[in-house]
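J.: Here it is: the structure, laid out below.
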Amino acid sequence: MSFLEIRKLKKRFGALEIIKGVNLTLEKGGFLVLVGPSGCGKSTLLNMIAGLETISEGEISIDGSVVNDLHPSKRDIAMVFQSYALYPNMSVEQNMAFGMEMRGVPKAERDAAVTEVAKTLQLDHLLKRRPGQLSGGQRQRVAMGRALVRKPRVFLFDEPLSNLDAKLRVDLRTEIKRLHQSTHATIVYVTHDQIEAMTLATKIAVLKEGVLQQVGTPYEIYNNPANLFVADFMGSPSMNLMTGKVTRANGHASVLLERVDGAPIELPAPRGADISALTDGRAVIMGIRPEAITDLDGADRHSKGISMVDARVDVVQPAGSDTFVVTKIAGKEVTARMRAETIVQPGQTVPFAFNLDKALLFDPASGARL
């Protein structure tokens, strides 16, 4: 039995349905990330788990017990908010211990818990300071520490890093990952940042307009997206999506990609596609990640699906460890991820190596993967 179970969950505000029949499970010690664009319902779903929003339909159970009608204080859940929500007149130590004090935990036990968690979060030298004397990253670690000292059954994080600058977000992602590995806590984490989702999760749930699009490991979500929305949303830079049509000859299927300034490109249909569904002339969308388009020397030597395409370079973006090269195919910008030492210039026509072992096909009408 899963530790956290969400069954046929719905949330309505009047006639407007925000959460539309979501089913999710999470094992004990798992790290579930709810990800999706703003307004998709992920924070509403988190608040329903916490008990801060009522349930219109369905069930939520924790460790085998249905918690639909339990008050938030009775669910044994700790929540970390985007806004820190620290008491400005209390020290770090007092902020972290306050919840335990309200529950009547003896002082010696409170002090021991705060000392242990402060050491884990590298806050032990800041215990006497007040929130106003801390950086944003330190304040967020205090908010995490206040949750951790309680040792609840489930931790809920609501976009805890969105107020921080880019470097601090990366640093605190590492801290949260390390924290999960050392404590084996059960965590549900909300973010709109798909890089955060990929780096932190043991399981990702992708939401769109209150509907669950796909649930899986980071590897499954990234490499085997269920539909166009997931393929496009997950990944940075995002997946290249090119409109084409199927051509068939001698039992083999290919995808034809039109070009404004040259002859069409004909590529073998990806081996992972359902060939029986690829009728001659059918419109398809071919998806391929930037790292699967590179220069020949940087291509995967173990792949049997490398096809070369000559294309004009529009933009070159050096990124330190990589060089991103932008061209246009089938009327769309296509980004290739090449080696840092690759030397190309805008305006040049250069060969691009497409690893079709990594390519996917989608139905333009339904968005489903073929």
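J.: Contact list please: Cβ distance under 8 Å, first residue in region 333-359 and farther than 13 Å from Asn240 by Cβ, second residue among the hydroxyl-bearing types (Ser, Thr, Tyr) and exposed (fewer than 12 other Cβ atoms within 10 Å of the Cβ), pairs at least six apart or on different chains.
T.: Close Cβ pairs (under 8 Å, with a partner that is among the hydroxyl-bearing types (Ser, Thr, Tyr) and exposed (fewer than 12 other Cβ atoms within 10 Å of the Cβ)) amount to Ala340/Ser321.
J.: Within region 276-315, how many residues are open to solvent by 50 Å² or more (accessible area, probe 1.4 Å), within 20 Å of Asn355 (Cβ to Cβ) and among the β-branched types (Val, Ile, Thr)?
T.: Within region 276-315, residues that are open to solvent by 50 Å² or more (accessible area, probe 1.4 Å), within 20 Å of Asn355 (Cβ to Cβ) and among the β-branched types (Val, Ile, Thr) number 1.
J.: Among the residues that make up region 289-299, is at least one of them in a loop (DSSP other than H, G, I, E, B), basic (Lys, Arg) and within 22 Å of Phe229 (Cβ to Cβ)? Quick ask: steps written out before the conclusion?
T.: Initial filter on region 289-299 (in a loop (DSSP other than H, G, I, E, B)): 289, 295, 299.
The next check asks that each one be basic (Lys, Arg); those that pass are 289.
If we keep only those that are within 22 Å of Phe229 (Cβ to Cβ) too, we end up with 289.
Scanning region 289-299 turns up at least one residue that is in a loop (DSSP other than H, G, I, E, B), basic (Lys, Arg) and within 22 Å of Phe229 (Cβ to Cβ).
J.: Among the numbered conditions (1) open to solvent by 70 Å² or more (accessible area, probe 1.4 Å); (2) part of a loop (DSSP other than H, G, I, E, B); (3) among the acidic types (Asp, Glu), tell me where Glu59 comes up short.
T.: Every condition holds for Glu59 apart from (2).
J.: For Gln122, work out the one condition from (1) open to solvent by less than 30 Å² (accessible area, probe 1.4 Å); (2) touching a Lys or Arg at 6+ places or on another chain (Cβ under 8 Å) it doesn't fulfil.
T.: The number of the failed condition is (1).
J.: Out of the residues in region 307-340 that are of a type outside the set (A, V, I, L, M, F, W, C) and not in a strand (DSSP E or B), which is modelled with the highest pLDDT? Even if it seems obvious, please write down each step before you answer.
T.: Going residue by residue through region 307-340, those that are of a type outside the set (A, V, I, L, M, F, W, C) are 307, 310, 312, 314, 317-318, 320-323, 327-328, 331-333, 335, 337, 339.
Narrowing the set further to residues that are not in a strand (DSSP E or B) leaves 314, 320-321, 331.
Values: Asp314: 94, Gly320: 88, Ser321: 89, Gly331: 83.
So, considering only residues that are of a type outside the set (A, V, I, L, M, F, W, C) and not in a strand (DSSP E or B), the one modelled with the highest pLDDT is Asp314.
J.: Just the residues that are of a type in the set (A, V, I, L, M) and either under 29 Å from Gln213 (Cβ atoms) or touching a residue at least 40 places away in the same chain (Cβ under 8 Å) (or both), please, taken from region 234-255. Break it down stepwise before answering.
T.: If we filter region 234-255 for residues that are of a type in the set (A, V, I, L, M), which is where we start, we get 234, 239, 241-242, 246, 249, 253, 255.
Hits for region 234-255 are Met234, Met239, Leu241, Met242, Val246, Ala253, Val255.
J.: With Arg12, Arg7 as the choices, which residue is under 18 Å from Val154 (Cβ atoms), in a strand (DSSP E or B) and either open to solvent by 50 Å² or more (accessible area, probe 1.4 Å) or free of Cβ contacts under 8 Å to residues at least 24 places away in the same chain (or both)?
T.: Numbers: Arg12 fails: under 18 Å from Val154 (Cβ atoms).
None of the others qualify; the one that does is Arg7.
J.: Just name the residue that is surrounded by the fewest Cβ atoms within 10 Å (Cβ to Cβ) out of those in region 87-112 that are touching a Lys or Arg at 6+ places or on another chain (Cβ under 8 Å) and within 11 Å of Val149 (Cβ to Cβ).
T.: Glu101
J.: For region 192-223: of the residues being touching a residue at least 24 places away in the same chain (Cβ under 8 Å) and acidic (Asp, Glu), which is most open to solvent (accessible area, probe 1.4 Å)?
T.: The extreme case among them is Glu209.
J.: Can you name the number of the only condition in (1) in a loop (DSSP other than H, G, I, E, B); (2) touching a strand residue (DSSP E or B) at 6+ places or on another chain (Cβ under 7 Å) that Ser38 fails?
T.: Only one criterion is unmet by Ser38, namely (2).
J.: Condition first: touching an Asp or Glu at 6+ places or on another chain (Cβ under 9 Å), in contact (Cβ under 8 Å) with a residue 40 or more places away in the chain and open to solvent by 50 Å² or more (accessible area, probe 1.4 Å). Now tell me which residues in region 138-178 satisfy that.
T.: Selection gives Arg150, Arg153.
J.: Then there is this: Given the residues Ala273, Ala226, Ala269, Ala231, which is the only one that is open to solvent by less than 30 Å² (accessible area, probe 1.4 Å), touching a residue at least 60 places away in the same chain (Cβ under 8 Å) and under 24 Å from Lys203 (Cβ atoms)? Write out each step before concluding.
T.: Numbers: Ala273 fails: under 24 Å from Lys203 (Cβ atoms); Ala226 fails: open to solvent by less than 30 Å² (accessible area, probe 1.4 Å); Ala269 fails: under 24 Å from Lys203 (Cβ atoms).
The unique qualifying residue is Ala231.
J.: While we're on this one: Applying the selection to region 316-332, what residues are closer than 16 Å to Ser238 by Cβ, open to solvent by 70 Å² or more (accessible area, probe 1.4 Å) and free of Cβ contacts under 8 Å to residues at least 40 places away in the same chain?
T.: Of everything in region 316-332, just one residue is closer than 16 Å to Ser238 by Cβ, open to solvent by 70 Å² or more (accessible area, probe 1.4 Å) and free of Cβ contacts under 8 Å to residues at least 40 places away in the same chain, namely Gln317.
Per-residue answers, yes or no, for (1) out of contact with any Asp or Glu (no Cβ under 7 Å at 6 or more places or on another chain); (2) closer than 14 Å to Leu296 by Cα; (3) among the aromatic types (Phe, Trp, Tyr):
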{"site": "Val326", "(1), (2), (3)": "no, no, no"}
{"site": "Lys332", "(1), (2), (3)": "yes, no, no"}
{"site": "Arg337", "(1), (2), (3)": "no, yes, no"}
{"site": "Ala340", "(1), (2), (3)": "no, yes, no"}
{"site": "Gln345", "(1), (2), (3)": "yes, no, no"}
{"site": "Phe354", "(1), (2), (3)": "yes, yes, yes"}
{"site": "Ala359", "(1), (2), (3)": "yes, no, no"}
{"site": "Pro364", "(1), (2), (3)": "yes, no, no"}
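J.: Which residues, counting only those in region 271-294, are modelled with pLDDT of 90 or more and under 31 Å from the mean Cα position of the chain (by Cα)?
T.: Ala283, Val284, Ile285, Met286, Gly287, Ile288, Arg289, Pro290, Glu291, Ala292, Ile293, Thr294
J.: Residue check: is Pro351 part of a loop (DSSP other than H, G, I, E, B) and either closer than 30 Å to Gln213 by Cα or of a type outside the set (A, V, I, L, M) (or both)?
T.: Values: part of a loop (DSSP other than H, G, I, E, B): no; either closer than 30 Å to Gln213 by Cα or of a type outside the set (A, V, I, L, M) (or both): yes.
No: the conditions fail for Pro351.
J.: Of the numbered conditions (1) at pLDDT 85 or above; (2) touching an Asp or Glu at 6+ places or on another chain (Cβ under 9 Å); (3) more than 23 Å from Arg289 (Cβ to Cβ); (4) open to solvent by 30 Å² or more (accessible area, probe 1.4 Å), Gln181 satisfies every one except a single condition; which is it?
T.: Exception for Gln181: condition (2).
The values are calculated or read from the model by the stated rules, or taken from the named source; none is laboratory data. Since we're looking at a predicted model, the values are computed, not measured. Cβ: placed from backbone, ideal geometry, glycine included. Neighbour counts: every protein chain shown. Each accessible area value is taken on the protein alone, full model and side chains, heavy atoms only, with ligands, DNA and RNA left out. Shrake-Rupley method; radii C 1.70, N 1.55, O 1.52, S 1.80 Å.
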